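Here, each number is a calculation from the coordinates, and none is a lab measurement. Not measured: the values here are computed from a predicted model. Note that each Cβ is placed from the backbone with ideal geometry, even for glycine, and that neighbours are counted across all protein chains shown.
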């Protein structure tokens with residue numbers, strides 16, 4: 001019996017992956033999210049969590065698109081019958097100049 005169900009965004013690498021693995025170590029079953037471009041990395045994390053004896057699944061979605069987030073949450077709830085912990089770890093940003101040059 002799991003301690004709970006956790007959903008972690010941005011879980012294919014870095015801090016999101018570390019959080020996912022820690023929650024699995026702590027007894028949670030873990031649903032993982034990241035962008036479709038990270039699908040292979042996300043499946044590797046799913047495998048690492050399953051190797052720890054916990055349930056895990058991959059849910060591809062862009063968390064900047066509300067409809068995709070809604071569909072992802074619905075899917076996770078259907079798979080696990082609920083969500084107890086949600087970690088909003090996905091990061092994003094824009095590259096470029098954010099301010100103009102200030103003269104002397």
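At-a-glance table
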| quantity | calculated |
| --- | --- |
| Count of residues meeting criterion [in contact with a strand residue (DSSP E or B) (Cβ under 7 Å, 6 or more places away or on another chain) and exposed (fewer than 12 other Cβ atoms within 10 Å of the Cβ)] in the range 36-84 | 2 |
| Residue, farthest from residue 85 (Cα to Cα), within the range 19-35, restricted to residues that are surrounded by fewer than 16 Cβ atoms within 10 Å (Cβ to Cβ) and in contact (Cβ under 8 Å) with a residue 24 or more places away in the chain | 25 |
| Inter-residue pairs, beta-carbon under 7 Å, first farther than 16 Å from residue 8 by Cα and in the range 36-53, second assigned to a helix (DSSP H, G or I), 6+ apart | 52/24; 52/25 |
| Those helices (runs of 4 or more DSSP H) lying entirely in the range 1-100 with at least 2 residues in contact with a helix residue (DSSP H, G or I) (Cβ under 7 Å, 6 or more places away or on another chain) | 14-25, 39-51 |
